[in-house]
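Novice: One structure follows; several queries about it will come next.
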């Protein structure tokens, strides 16, 4: 006996997000995700050449990320130092 397909009143048939390239995560044997299936590549030839970063660009991205991380660490250290100073002042 075949199941009847559900019919939704608000379904107009449009695709909101294409999930054809999403694969389930492997829990027991982690590894790299499988590559795209045959005929699924949406990029044209030479896309990797256009998107490749030069060494100078990569260096600036790394330095920017390092600067952001150090800034956040400095804020936490300053807050911790103020907390310690406040405790010292209150316990005297």
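The values are calculated or read from the model by the stated rules, or taken from the named source; none is laboratory data. No experiment lies behind these values; they were computed from the predicted model shown. Reconstructed Cβ throughout: ideal geometry from the backbone, glycine too, with neighbour counts over all protein chains shown.
Novice: Could you list all residues from segment 42-61 that are loosely packed, with under 10 Cβ neighbours inside 10 Å, at pLDDT below 65 and outside any helix (DSSP H, G or I)?
Specialist: Hits for segment 42-61 are 42, 44, 45, 46.
Novice: Kindly indicate whether residue 38 is under 23 Å from residue 18 (Cβ atoms), assigned to a helix (DSSP H, G or I) and either touching a helix residue (DSSP H, G or I) at 6+ places or on another chain (Cβ under 7 Å) or at pLDDT below 95 (or both).
Specialist: Against the criterion (under 23 Å from residue 18 (Cβ atoms), assigned to a helix (DSSP H, G or I) and either touching a helix residue (DSSP H, G or I) at 6+ places or on another chain (Cβ under 7 Å) or at pLDDT below 95 (or both)), residue 38 does not qualify.
Novice: Given the criteria part of a loop (DSSP other than H, G, I, E, B), exposed (fewer than 10 other Cβ atoms within 10 Å of the Cβ), out of contact with any strand residue (DSSP E or B) (no Cβ under 7 Å at 6 or more places or on another chain) and modelled with pLDDT under 75, does residue 32 qualify?
Specialist: The answer is yes for residue 32.
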